[in-house]
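The values are calculated or read from the model by the stated rules, or taken from the named source; none is laboratory data. Keep in mind that what you see is a predicted model, and the values were worked out from it rather than measured. Backbone-built Cβ (ideal geometry, glycine too); neighbour counts: all protein chains shown. Accessible surface is based on the protein model in full, side chains and every heavy atom, while ligands, DNA and RNA are left aside. Shrake-Rupley method; radii C 1.70, N 1.55, O 1.52, S 1.80 Å.
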Amino acid sequence: MNIVILAAGMGKRMQSSLPKVLHPLAGKSLLGHVIDTARALSPSQLCVIYGHGGDAVPNAFADQGLAFAKQEPQLGTGHAVMQALPHLQDGASTLVLYGDVPLTTTASLQRLLDAAGQDKLGVLTVTLADPTGYGRIVREGGKIVAIVEQKDTNEAQRTIKEVNTGIIAAPTALLRKWLAHLSNDNAQGEYYLTDVIAAAVADGVEVVSAQPDDVAETLGVNSKVQLAELERVHQRNIARKLLEAGVTLADPARIDVRGTLECGRDVSIDVNCVFEGCVTIGEGASIGPNCVIRDASIAAGANIKAYTHIEEAVVGAAAQVGPYARLRPGTELAQEVHIGNFVEVKNSVIGVGSKANHLAYVGDADVGSKVNIGAGTITCNYDGANKFRTIIEDEAFIGSDSQLVAPVRVGKGATLGAGTTLTKDAPAGQLTISRARQLTLAEWQRPVKVKK
């Protein structure tokens with residue numbers, strides 16, 4: 001099977017210098033959605049027709065094994081498919097898709113391909129309560145005989161509710177023939193792909209149809225308004241699947257998944273959470289409101305509290321993180337770790353049951369189990385040129401407002417007194433203190449503001 005994706009349009013109504021098909025929906029470009037759907041059908045050839053935006057479209061999908069053909073000038077959808085003909089194999093059918101129609105599913109397209117087989121022309125159609133503006137599907141005896149554009153319909157045809165989506169599947173050899181005989185004798189001076197329907201009927205080739213599971217699968221994007229509307233449709237579909245899988249959503253209308261989100265049973269997600277990249281959440285875990293989680297794994301029973309940001313990190317079972325915490329790339333929390341409010345962890349491994357409950361920075365550190373990190377603690381891991389690691393062994397206690405200047409090691413069971421600046425290793429099981437001697441000056445007087 002060949003697949004051709006039309007992606008050459010300028011998208012004037014988008015009011016943007018970015019080519020229309022590269023605008024993001026759920027964190028992926030419109031064209032990216034269509035390409036992923038096309039690939040799921042395992043085509044032998046996948047050709048993208050580009051035009052406006054120069055090489056921005058092919059550059060965005062470089063090294064992905066795609067064929068590209070440039071349409072310049074843009075003379076209609078039929079002309080666009082003509083540009084792909086050198087890349088198509090005659091012994092297979094050709095499916096034509098659109099780079100600005102991102103929500104079509106593989107199931108609906110497979111239904112169309114099955115209906116068309118190897119010798120029919122298949123058209124994906126939808127039935128609309130208000131078909132105004134769409135090309136009508138004209139049938140005689142139940143068979144499709146023509147597609148009539150809105151401007152050319154008569155009174156009877158305007159009552160037809162079944163309309164054309166533009167997505168077709170056809171035998172490639174016949175498609176070549178029909179495209180070669182297209183005419184641009186119309187007001188726009190363009191070659192329309194829909195004209196191949198009449199050519200097929202004239203050649204006695206049966207024209208068949210299939211319908212998608214949802215009309216939204218055929219909706220295109222021509223403006224930022226339509227893009228926002230499809231974003232909500234897509235997010236509602238994701239939310240429904242999560243709910244059906246046993247996830248509790250505080251409000252299905254207030255979740256954004258910009259990638260993949262896999263959840264175990266009894267996961268709870270509060271409002272206004274954003275999930276990006278690949279995120280997995282284990283059974284019984286809970287995500288508080290207003291969290292942003294990207295490319296992360298959260299184990300069963302973990303509790304991610306409000307306003308927490310997690311990126312490229314692993315959170316262990318029954319861990320507690322937040323509120324207002326940040327886990328940066330390379331962070332690995334073992335089970336039952338507590339990371340509290342305004343704590344930032346970067347490129348660090350924290351062992352079972354350890355805690356940093358407030359106002360701390362733990363960077364480039366290996367922290368053992370049952371360690372307590374007091375408020376205001378900082379691992380000083382960067383000297384302005386290089387990064388160094390801090391090692392804190394099991395059951396150590398780090399007093400508040402301590403600075404650990406890496407590379408440095410805190411031994412097992414060691415205690416650092418509050419306010420310590422540690423520049424040498426702290427021995428196991430002992431108290432280490434580094435602070436100035438406290439003085440009280442009995443005769444000192446607080447300055448008084450001088451009146452002018």
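The condition (being open to solvent by less than 20 Å² (accessible area, probe 1.4 Å), in contact (Cβ under 8 Å) with a residue 60 or more places away in the chain and more than 19 Å from VAL221 (Cα to Cα)) is satisfied by just one residue among VAL123, VAL145: VAL123. Restricting attention to segment 14-62, which residues are of a type in the set (S, T, N, Q) and out of contact with any strand residue (DSSP E or B) (no Cβ under 6 Å at 6 or more places or on another chain)? Selection gives GLN15, SER16, SER17, SER29, THR37, SER42, SER44, ASN59. Within segment 293-326, being assigned to a strand (DSSP E or B), of a type outside the set (A, V, I, L, M) and open to solvent by less than 60 Å² (accessible area, probe 1.4 Å) holds for SER297, ASN303, GLU311. Can you name the number of the only condition in (1) part of a loop (DSSP other than H, G, I, E, B); (2) acidic (Asp, Glu); (3) out of contact with any Pro (no Cβ under 7 Å at 6 or more places or on another chain) that ASP119 fails? Every condition holds for ASP119 apart from (3).
For segment 391-415, residues that are hydroxyl-bearing (Ser, Thr, Tyr) and open to solvent by 50 Å² or more (accessible area, probe 1.4 Å) total 1. Within segment 251-308, the set of residues being within 17 Å of ASN237 (Cα to Cα) and among the charged types (D, E, K, R) comprises ASP251, ARG254, ASP256, ARG258, GLU262, GLU276.
I'd like to know if segment 327-347 contains one or more residues that are open to solvent by 40 Å² or more (accessible area, probe 1.4 Å), polar (S, T, N, Q), under 23 Å from PRO252 (Cα atoms) and more than 22 Å from the chain's Cα centre (by Cα). Among the residues of segment 327-347, not one is open to solvent by 40 Å² or more (accessible area, probe 1.4 Å), polar (S, T, N, Q), under 23 Å from PRO252 (Cα atoms) and more than 22 Å from the chain's Cα centre (by Cα), which makes the answer no. The residue pairs whose first member lies in segment 390-405 and is closer than 15 Å to GLY429 by Cβ, whose second member is modelled with pLDDT of 95 or more and polar (S, T, N, Q), and whose beta carbons are closer than 6 Å, counting only pairs six or more residues apart or on different chains, are ASP394/SER369; PHE397/ASN372; PHE397/THR415; ILE398/THR377. Residues in segment 23-49 that are closer than 23 Å to VAL292 by Cβ and out of contact with any His (no Cβ under 7 Å at 6 or more places or on another chain): HIS23, PRO24, GLY27, LYS28, GLY32, HIS33. State yes or no: is GLY353 out of contact with any Gly (no Cβ under 6 Å at 6 or more places or on another chain) and touching a residue at least 24 places away in the same chain (Cβ under 8 Å)? Answer is no for this residue. All of ARG437, ARG389 fail the test of being over 36 Å from the mean Cα position of the chain (by Cα) and of a type outside the set (Ser, Thr, Tyr), apart from ARG437. Close Cβ contacts (under 9 Å, 6 or more residues apart or on different chains) running from residues in segment 60-85 that are without any contact (Cβ under 8 Å) to a residue 40 or more places away in the chain and on the phi < 0 side of the Ramachandran plot to residues that are assigned to a strand (DSSP E or B) and surrounded by fewer than 16 Cβ atoms within 10 Å (Cβ to Cβ) comprise GLN83/LYS70. Of the residues making up segment 90-109, just one is out of contact with any Ser or Thr (no Cβ under 8 Å at 6 or more places or on another chain), part of a helix (DSSP H, G or I) and either open to solvent by 10 Å² or more (accessible area, probe 1.4 Å) or within 16 Å of LYS28 (Cβ to Cβ) (or both), namely ALA107.
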